[in-house]
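Let me begin by presenting the structure, written as structure tokens, before commenting on it.
The values are calculated or read from the model by the stated rules, or taken from the named source; none is laboratory data. Keep in mind that this is a model prediction, so the values were computed, not measured. Cβ placement follows ideal geometry from the backbone for every residue including glycine, while neighbour counts extend to all protein chains displayed.
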Amino acid sequence: MWRITLLLIPLALPAMAQTCGRPICSADAVNLSLTSIIDFEELTGGNGPGRPVTGILSLDGARFGERFQGITITARSSYDHVADLGNTRATSPLTLLAGDAGFNLSILRLPDTVLLSGDGPAGFPRQDATGEGAIAVLFDSDQRALAFDLRGGEGGFATVAFFRRDGSLIDIHHPGPLAEASYGYVRTGQNADIAGFVIINDDPEGIAFDNLRFDPPARTSTLPQPNEPTG
């Protein structure tokens with residue numbers, strides 16, 4: 001059964017990465033000063049497994065689905081999985097796809113917040129599907145930095161794969177052990193080419209997604225500059 005802690009827990013923020021030797025660096029989400037936020041609060045959620053989302057979820061500045069065209073989702077135990085993700089290229093232009101009915105996304109309402117979760121291979125409304133499915137995000141405008149909150153982490157790991165608008169892979173991060181925390185990422189150099197990302201996980205109780213922060217490219221030029229070569 002998937003559990004999300006109902007108590008408010010201070011968010012543990014990763015330190016801003018000044019040197020990470022890769023195309024995208026982990027960053028302290030607070031220091032990114034991102035001004036656009038999607039918090040899902042205006043959506044109608046449900047208790048328990050939540051309210052299933054049919055098709056693409058379109059909100060101001062970004063859209064949400066299961067995967068990008070050209071990426072194949074398979075099952076690994078009760079989790080969505082992408083085989084050989086490091087060698088994956090999505091179709092150009094980057095195109096968001098929804099999962100089949102029962103295997104897409106759900107909106108979950110808690111006393112303090114509204115969350116987005118992916119429904120895994122067991123399928124909605126089974127409890128062991130909630131929080132174990134893939135979530136894909138496609139921005140309306142290419143980004144240089146972004147941040148989001150994860151809820152419900154129980155020490156597992158996530159995989160976050162970042163893509164350009166032409167479908168090429170920029171970088172992959174594996175945050176964890178997962179906890180209720182904020183996770184920030186900033187592109188190195190002067191690049192503002194993060195068109196979208198996919199997140200999957202293997203957390204024992206699954207995870208939920210909240211508070212996506214981002215900015216249009218004109219604002220991201222003012223962000224801290226990691227001393228990194230472009231990649």
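Structural remarks
- Against the test of being over 28 Å from A192 (Cβ atoms), out of contact with any His (no Cβ under 7 Å at 6 or more places or on another chain), touching a residue at least 24 places away in the same chain (Cβ under 8 Å) and among the hydrophobic types (A, V, I, L, M, F, W, C), the options L110, L138, L105, L85 yield a single qualifying residue, L110.
- The stretch 22-42, residues that are surrounded by fewer than 17 Cβ atoms within 10 Å (Cβ to Cβ) and either in contact with a His (Cβ under 8 Å, 6 or more places away or on another chain) or within 18 Å of I207 (Cβ to Cβ) (or both): D39
- Against the test of being within 22 Å of G206 (Cα to Cα), touching a Lys or Arg at 6+ places or on another chain (Cβ under 7 Å) and at pLDDT below 95, the options I4, I107, I9 yield a single qualifying residue, I4.
- Among the residues of the stretch 58-77, not a single one is of a type in the set (S, T, Y), surrounded by fewer than 24 Cβ atoms within 10 Å (Cβ to Cβ), in contact with a Phe, Trp or Tyr (Cβ under 9 Å, 6 or more places away or on another chain) and touching a residue at least 12 places away in the same chain (Cβ under 8 Å).
- With respect to the conditions (1) more than 21 Å from I71 (Cα to Cα); (2) surrounded by fewer than 23 Cβ atoms within 10 Å (Cβ to Cβ), A145 lacks only one, and its number is (2).
- The number of residues in the stretch 46-57 that are part of a loop (DSSP other than H, G, I, E, B), surrounded by fewer than 18 Cβ atoms within 10 Å (Cβ to Cβ) and of a type in the set (G, A, S) comes to 2.
- Being polar (S, T, N, Q) and at pLDDT below 95 is a property that T35 has.
- Criterion (modelled with pLDDT under 95 and out of contact with any Lys or Arg (no Cβ under 7 Å at 6 or more places or on another chain)) met by exactly one of E154, E180: E154
- Scope the stretch 200-231; condition surrounded by 13 or more Cβ atoms within 10 Å (Cβ to Cβ) and modelled with pLDDT under 50; matching residues: T220, E228, G231
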